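Participant: One structure, as structure tokens, below. Some questions next.
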Amino acid sequence: MTEWITTREAAQRLGVKRTTLYTYVSRRLLTRRRSGSESLFDRAEIDALAGTRHHPGSPLGVLPMRSVRSSVSEVREGELFLRGVPLADLADEPLDEVVDLVLGPAPEIVVEVPAHLARLPLARRLPALAHWAGSTGCWVGPAAAAGVAKGLLTAVPVALGGQAGPVPEATFAVLAGRPGSPQEVATLNTTLVALVDHGLAASVVAARVAASTRASAYDCLVAGYAALSGRLHGGIGPAAIAGVRDGPPDEPSEGVPGFGHWRHPEGDPRSDAILARLALVDGSAPALASLEAVAARTGRRPNIDGALAALVLTCELPDGAAEVLFQIGRTVGLAAHIIEEAGEDPLRWRATDPTT
């Protein structure tokens, strides 16, 4: 039976504007059905087109692989869900409760922080801690990734050079060099929740590929962190911060770091959640005004990276803090995907070239 979806959802699935959908209809690439004033599209056709064609604003096409379904998160009609719960309902919940929602009540596996981490840049410490823990202790299978992730989260403020404590408060204190105000800590908590997961992003795929080989939970996380460090993923922070700090470009660009997202053409719900909390922080007005100026000039709303940039600038955090926060929040989602992949057939991530 044909499943018909709205124009908005079809555009989001393809990462194109609505007008582009009608171009595809005129080229007979898609079927459109009218229902009153609304146009509906065949979901199967949309998904097939998404898997075989490259669309402006979307990542370059990849070789098709076996179907991967996940219950960790879902983007539906522009809204992000974690374990079926809308991000909007979780944004103010304590991080540890969201961690338990996503990973379950697994006990944490204690991680000791070696002294040599202090010599590394901030953004390299969590990956190095995961590698160190996986190299010096007993082998821990990917199915136990929940306990590993919880142990790393507990240890991360110490790895960054601070004191142990609740992750949002302790992380803010070590990154800022001072205790955070209640509004600042609340914003950081929301930020970490918003960063937990966003579907099969590159870092998640990397972690799942490692899990499919039955690598250790630590090594699977390291694989995810490696992909996350890319300048088109979690490592985009410095470029986004520079754009917000320097103001809008003289000429609008197709790709301004921190603005626009192919999965959220009408606005990133993660940035919306963060910026709503950041607006309550003293001194946030200049960064928020700069975001709006760039958005007005480019016609693109701030995405998660733009929101992180505004947080870093408002709270006077080091530029590397954006990637650090991405790593901390995404540790939870990576672990959930690693566990999920451990329950699948091994070595299923093999590409097939459609031209052969």
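Participant: Which ³J(HN,Hα) values in Hz, rounded to whole numbers, follow from the phi angles of the stretch 156-162 under the Karplus curve 6.51 cos²θ - 1.76 cosθ + 1.60, where θ = phi - 60° and Gly and Pro get x?
Facilitator: 4, x, 5, 4, 7, x, x
Participant: What list do you get for 116, 264, 198, 233 if you sort them by fewest beta carbons within 10 Å?
Facilitator: 116, 233, 264, 198
Participant: Which net charge results when you count Lys and Arg as +1 and Asp and Glu as -1 among the other residues whose beta-carbon is under 12 Å from that of residue 148?
Facilitator: Values: positive: 150; negative: 108, 219.
Computed value for this residue: -1.
Participant: Show me, for the stretch 282-287, the HN-Hα J-couplings you get by feeding each phi into the Karplus relation (A = 6.51, B = -1.76, C = 1.60, θ = phi - 60°), rounded to Hz, glycine and proline as x.
Facilitator: 4, x, 7, 4, x, 5
Participant: Using mean Cβ contacts within 10 Å as the protection proxy, how do 317-326, 39-48, 203-212 order, highest first? The partial results should precede the final answer.
Facilitator: Values: 317-326: 22.8, 39-48: 17.5, 203-212: 24.8.
Sorting 317-326, 39-48, 203-212 by mean packing, highest first, produces 203-212, 317-326, 39-48.
Participant: Select from 312, 102, 16 the residue whose mean-square fluctuation is largest in a Gaussian network model of the chain (Cα-Cα springs shorter than 10 Å).
Facilitator: 16
Participant: Normalised by the number of residues in the stretch 147-258, what is the relative contact order in percent for Cα pairs under 8 Å and 6+ residues apart?
Facilitator: Numbers: 86 pairs, mean separation 15.0, N = 112.
It comes to 13 percent, rounded to a whole number.
Participant: Round to a whole angstrom and tell me the spacing of the C-alpha centers of the stretch 110-173 and the stretch 1-23.
Facilitator: Here the answer is 42 Å between Cα centres.
Participant: Report relative contact order for the chain in percent, whole number only (criteria: Cα-Cα under 8 Å, sequence separation at least 6). List each step's numbers first, then the result.
Facilitator: Working: 607 pairs, mean separation 78.8, N = 356.
After rounding, I find 22 percent.
Participant: Continuing with the same structure: Where does each of 139, 262, 349 land when they are ranked from fewest to most other beta-carbon atoms within 10 angstrom? Intermediate results must be reported in sequence, preceding the final value.
Facilitator: On the way: 139 11, 262 15, 349 18.
The most exposed by this proxy come first: 139, 262, 349.
Participant: Check residue 259: other-chain or 5+ apart residues with amide H under 5 Å from its amide H, H built from backbone geometry?
Facilitator: For residue 259, the qualifying residues are 303.
Participant: Determine the sum of side-chain charges near residue 277: Lys and Arg each +1, Asp and Glu each -1, restricted to other residues whose C-beta is under 14 angstrom from that of residue 277.
Facilitator: -4
Participant: Which whole-Hz ³J(HN,Hα) couplings does the stretch 215-230 yield from phi under the Karplus relation 6.51 cos²θ - 1.76 cosθ + 1.60, θ = phi - 60°, glycine and proline marked x?
Facilitator: 5, 5, 4, 5, 5, 4, 5, 4, 4, x, 4, 4, 5, 5, 6, x
Each reported figure results from applying straightforward, stated rules to the coordinates on display, with no laboratory input. These numbers were taken from a predicted model, which means no experiment stands behind them. Don't worry about glycine lacking a Cβ; one is built from the backbone with ideal geometry, like all the others, and counts go over all protein chains shown.
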